[in-house]
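The values are calculated or read from the model by the stated rules, or taken from the named source; none is laboratory data. A quick note: this is a predicted structure, and the numbers were derived from the prediction, not measured. Please note: Cβ atoms are built from the backbone with ideal geometry, for glycine as well, and neighbour counts cover all protein chains shown.
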Amino acid sequence: MWVVPFRLVEATIPVPFDPTKAARRLSELGILTEKLPRHIAIIMDGNGRWARARGFPRIEGHRRGVRSVRETIEECAELGIEQLTLYCLSSENWKRPQRELDMLMRLLEQYLIEERSEIMRQDLRFSVIGRREGLSDGVLREVAKTVEVCRNNRGTRLCLAVNYGGRQELVDAFRRIATRLHDRSLTVDTIDEQCIAEHLDTAGMPDPDLVIRTAGEMRMSNYLLWQASYAEFWVTSKCWPEFRPTDLHDALRDYANRERSFGGLSR
């Protein structure tokens, strides 16, 4: 495994976002800048199915999916997407065989090490949502390093949902609120939607405008349940290892052509 020394990554000079280049790219794609989603959330589904269909072990699908992750992140950064959130490991995934879980932990740790210099070069802000319990020491260590080296970056926010579940996130938020009620730093009459949002893992982040799911499934799978209440949903039959920037462009064009009324009347 190629390991980028931590001190070398810290010295990597980020390349600032180029709005002129982004506008030119969007024009070529037939998308208006003002029609871009601020926040894209992706359910990266179908790695195991892709592998089984080709006679590979399931973990090979996860490995091949790294290319899709890399290309999607780079494309979002170049187009000026404010935030990209990727569903890497759900709280329900712990039901999988231990061998696969161990391989997923190693793959995630490897990704954080090998891609850190690229994350820095693209000037990405980096964060992780989900519970820490159950994650390997190596993953926790590399997450902390990546968050630290990216602390002054100003580009697209890359958020990884790891050991994440929308219901457990709400439970954790309500527990935080209950604790504040108990110590009287919060009163019942101040609890509203904004208050709840401020106690979620995603506090300070915009709600997703567009949720993309691969492998043809038509469900949310406990992903950003509160935040995605008004998100547009786009599904492709392609499995995640097959997902390419051209598929992202299709999703963006479809999104740009939709009328979002948020419960009101369309124009």
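Scoring THR236 on the criteria (1) free of Cβ contacts under 8 Å to residues at least 12 places away in the same chain; (2) under 30 Å from ARG52 (Cα atoms) leaves a single failure, condition (1). Taking the listed residues ALA144, ALA197, ALA161, the one that is assigned to a helix (DSSP H, G or I), in contact (Cβ under 8 Å) with a residue 24 or more places away in the chain and not acidic (Asp, Glu) is ALA197, with no other qualifying. Note on region 179-189: residues that are surrounded by fewer than 11 Cβ atoms within 10 Å (Cβ to Cβ) and either part of a helix (DSSP H, G or I) or in contact (Cβ under 8 Å) with a residue 40 or more places away in the chain (or both) total 3. The condition (being under 30 Å from TYR255 (Cα atoms) and surrounded by fewer than 18 Cβ atoms within 10 Å (Cβ to Cβ)) is satisfied by just one residue among GLU75, GLU118: GLU118. Screening the candidates PHE126, PHE174 for the property of being among the aromatic types (Phe, Trp, Tyr), free of Cβ contacts under 8 Å to residues at least 40 places away in the same chain and more than 30 Å from ARG70 (Cβ to Cβ) yields one hit, PHE174. If you check GLU92, GLU78, GLU82, GLU100 for being touching a Lys or Arg at 6+ places or on another chain (Cβ under 8 Å), more than 30 Å from ALA22 (Cβ to Cβ) and not basic (Lys, Arg), only one passes: GLU100.
Among the residues of region 200-226, not one is surrounded by fewer than 13 Cβ atoms within 10 Å (Cβ to Cβ) and either among the polar types (S, T, N, Q) or in a helix (DSSP H, G or I) (or both). Sub-6 Å Cβ pairs linking a first residue in region 101-116 that is under 12 Å from VAL143 (Cβ atoms) to a second residue that is at pLDDT below 95 and part of a helix (DSSP H, G or I), at least 6 apart or interchain, are ARG116/VAL9, ordered by first then second residue. Residue check: GLU82 meets all listed conditions (1) touching a helix residue (DSSP H, G or I) at 6+ places or on another chain (Cβ under 8 Å); (2) surrounded by fewer than 21 Cβ atoms within 10 Å (Cβ to Cβ) but one, namely (1). Specify the residue that is nearest to the chain's Cα centre (by Cα); the eligible residues are those in region 227-267 that are of a type in the set (Phe, Trp, Tyr) and in a loop (DSSP other than H, G, I, E, B). Among residues in region 227-267 that are of a type in the set (Phe, Trp, Tyr) and in a loop (DSSP other than H, G, I, E, B), the one nearest to the chain's Cα centre (by Cα) is PHE243.
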